[in-house]
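What follows is one structure encoded as structure tokens, with my remarks underneath.
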Amino acid sequence: MRSDLAGSKVWFDPVGALVAPGTTIRWVVRENVHTTSAYHPKNDRHSLRIPAGAAPWDSGYLVNPGNQFEVTLTVPGVYDYYCMPHEAAGMVGRIIVGRPSGPGTEPFDYWVGKPGTKDWREVPQLARSGFPSIARIVAEGRVRLAR
């Protein structure tokens with residue numbers, strides 16, 4: 001979890017990763033205050049962008065450099081996540097576990113008009129542009145932002 005000195009630029013590094021089922025992912029704060037939160041209705045009514053049946057996570061605020069949060073991902077599919085205080089600034093990431101599948105492979109508005117989703121929040125426009133493509137993650141294995 002990164003930030004420039006002024007806090008005007010924030011990002012996850014890497015922003016995309018391809019991992020095997022059962023892999024434990026660890027986020028570490030380098031600068032600033034961050035969270036890692038799965039796109040899931042249990043996290044502030046966000047739209048579902050992790051596999052159905054996968055457990056959502058929310059690290060809570062990690063405020064000091066070196067603070068860490070871990071989650072083990074076992075259900076195959078695409079997991080989209082965000083930083084709560086920096087989502088609108090485009091601080092998002094994507095992990096593919098095994099093969100790409102699930103809601104994270106769908107358009108960002110796939111759920112609009114479906115039963116039980118009227119209270120879901122959309123992914124902000126700037127955040128949408130922050131996700132690396134699934135094809136790039138599969139091809140490269142790990143995607144880092146040029147900073």
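The values are calculated or read from the model by the stated rules, or taken from the named source; none is laboratory data. No experiment lies behind these values; they were computed from the predicted model shown. Here Cβ is always computed from backbone atoms with ideal geometry, including for glycine, and neighbour counts include all displayed protein chains.
Here the condition is being buried (at least 21 other Cβ atoms within 10 Å of the Cβ), part of a strand (DSSP E or B) and in contact with a helix residue (DSSP H, G or I) (Cβ under 9 Å, 6 or more places away or on another chain); of ILE96, ILE50, it holds for ILE96 alone.
If you filter segment 55-74 down to residues that are among the aliphatic types (A, V, I, L, M) and under 21 Å from VAL143 (Cβ atoms), you find that the one that is surrounded by the fewest Cβ atoms within 10 Å (Cβ to Cβ) is VAL71. Only a single criterion out of (1) closer than 30 Å to TYR110 by Cβ; (2) of a type outside the set (Ser, Thr, Tyr); (3) assigned to a loop (DSSP other than H, G, I, E, B) is not satisfied by GLU70, namely (3).
Take the conditions of a type outside the set (Val, Ile, Thr), loosely packed, with under 14 Cβ neighbours inside 10 Å, at pLDDT 95 or above and not in a loop (DSSP other than H, G, I, E, B) and apply them to ALA139. Does it pass?
yes
Residues that are in contact with a strand residue (DSSP E or B) (Cβ under 7 Å, 6 or more places away or on another chain) and assigned to a loop (DSSP other than H, G, I, E, B) were ranked within segment 8-24; the one that is surrounded by the most Cβ atoms within 10 Å (Cβ to Cβ) is PHE12. When LYS42 is tested against (1) in contact with a Pro (Cβ under 6 Å, 6 or more places away or on another chain); (2) touching a residue at least 40 places away in the same chain (Cβ under 8 Å), exactly one condition is not met: (2). Residues in segment 123-136 that are among the hydrophobic types (A, V, I, L, M, F, W, C), surrounded by 11 or more Cβ atoms within 10 Å (Cβ to Cβ) and not in a loop (DSSP other than H, G, I, E, B): LEU126, ALA127, ILE134.
Criterion applied to ARG45, ARG26, ARG99 was being of a type in the set (Lys, Arg), touching an Asp or Glu at 6+ places or on another chain (Cβ under 8 Å), closer than 27 Å to THR117 by Cβ and modelled with pLDDT of 95 or more, and the one residue passing it is ARG45.
Residues in segment 101-122: is at least one within 16 Å of ARG2 (Cα to Cα), touching a residue at least 60 places away in the same chain (Cβ under 8 Å), surrounded by 14 or more Cβ atoms within 10 Å (Cβ to Cβ) and more than 15 Å from the chain's Cα centre (by Cα)? Looking for residues that are within 16 Å of ARG2 (Cα to Cα), touching a residue at least 60 places away in the same chain (Cβ under 8 Å), surrounded by 14 or more Cβ atoms within 10 Å (Cβ to Cβ) and more than 15 Å from the chain's Cα centre (by Cα), one finds none in segment 101-122, hence no. Among residues of segment 81-93 being of a type outside the set (A, V, I, L, M) and buried (at least 24 other Cβ atoms within 10 Å of the Cβ), the one that is nearest to HIS34 (Cα to Cα) is CYS83.
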